[in-house]
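Below: the structure, in structure tokens.
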Amino acid sequence: MKVAGFSFVRNAIKYDYPIVEAITSILPVCDEFIVAVGNSEDATLELIKSIPSEKIKIIETVWDDSLREGGRVLAVETDKALHAISADADWAFYIQGDEVVHEKYLDEIKKAMLQWKDDTKVDGLLFNYRHFYGSYDYVADAPNWYRKEIRIIRPSAAVYSYKDAQGFRKNDNKVLNVKLLNAFVHHYGWVKKPEIMQQKQENFHKLWHDDNWVEKNIPKQPAFDYSNINSLTAFTETHPEVMKERIEKSNWQFDYDLSYKNYSLKDRLKLIIENLCGYRIGEYKNYRII
């Protein structure tokens, strides 16, 4: 079995993306790893080159900054990396620059890839998600956060990154048939120093909207206000080992009253139904579990 990891990145240092941790977290189950490094304003290229692994192959890219609708440029960059993996790869393992997989799941992931390698009805493997918010101690749990997404796909010319690169689809806009893994992706995109988080918000929304929208909708302030969140839960498990040094260096304080729940009536009804029968009304699902 041959597994190719792939990712894309730009301005990882400027916006404090844990891209090294992301790549390193899944390298043990990959035979090669393609990183599409975009034209950056910092030393992102040198950072990726510093990862001590012969598995890593870098392709340098130039982002089309005119693609400002729906985050389309993110999918374009994802596809550049996907198309560069070896033709004989059985699986392609995707990881974004703010996602990390705990080492305790790697055996389970490898087992699943072996189990479904020759079953062509299975287009990909689906992961559960934990979205950390504010600090490494809290996880967002409101209904608006996605709970699952595809991160391993069977590579082919028919498969492509969908919309803003959150997931994948195949020819004729069909969703992928997937198997759900007993494994989580730790999403750290909302855990940064407040000043850097504010800069990221101002820049990131330019991938979705024009300057007028950004000017009207993104507050101009020196630091991001993490208190504007409807619900969090405490994280009581362990973080991936590759995140240890980054977590120890975190130098800002964020405390949250876990009893505070600022749900809309719609979300309260969703949660009542979900607690009763396990079904979340209106949940976004860009996949079909088989």
Charge dipole of the chain about the Cα centre (unit charges at C-beta), most positive-ward option of Leu82, Leu125, Phe93: Leu125
Segment Glu60-Asn171, extension gain: residue separation times 0.36 nm, minus the distance between their alpha carbons: 37.3 nm
Separation between Cα centres of region 236-290 and region 69-90, rounded to whole Å: 28 Å
Share, in percent, of DSSP beta bridges within the chain that are antiparallel, nearest 5: 45 percent
Part-to-part distance (alpha-carbon centres) for region 108-165 and region 179-233, which is given in Å: 20 Å
By average C-beta atoms within 10 angstrom, highest first, the peptides 135-141, 225-231: 135-141, 225-231
Leading residue at positive end of dipole, the chain (Cβ point charges), from Asn171, Val185, Ser156: Asn171
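Among the listed pairs Lys148/Lys270; Lys80/Lys117; Lys57/Lys216, which are separated by more than 29 Å between their Cα atoms? Please list the in-between numbers first.
Details: Lys148/Lys270 17 Å; Lys80/Lys117 24 Å; Lys57/Lys216 41 Å.
Flagged as over cut-off: Lys57/Lys216.
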Rough spin-label spacing in nm, given labels placed 7 Å along Cα→Cβ, for Thr238 and Asn275: 3.2 nm
Spin-label proximity, Trp252 to region 187-201 - amide N less than 13 Å from point 7 Å beyond Cα toward beta carbon: 189-201
For the chain, calculated [θ]222 nm from helices alone, where every DSSP H run of n ≥ 4 adds -39500 (n - 2.57): -7000 deg cm²/dmol
Selected from Asn144, Cys30, Trp208, residue furthest toward positive end of dipole (the chain; charges at beta carbon): Asn144
Restraint check, Lys110/Lys193; Lys163/Lys220; Lys2/Lys179; Lys104/Lys179, Cα-Cα greater than 24 Å: Lys110/Lys193; Lys163/Lys220
Residue among Trp116, Trp91, Trp213 with the largest mean-square fluctuation in a Gaussian network model of the chain, springs linking Cα atoms under 10 Å: Trp213
Extended-chain gain in nm, criterion 0.36 nm per residue less alpha-carbon gap, Tyr284 and Gln115: 58.1 nm
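In debye, nearest 20: dipole of the chain around its Cα centre with unit charges on the Cβ of K, R (+) and D, E (-)? Spell out each step's value before the answer.
Numbers: 40 positive and 44 negative charges, 192 e Å.
For this selection, approximately 920 debye.
The numbers here are math on the coordinates, done by the rules we state, and not lab data. Just so it is clear, the structure is predicted and the values come from calculations on it, not from any experiment. Every residue, glycine among them, receives a Cβ derived from its backbone with ideal geometry; neighbour counts consider all protein chains shown.
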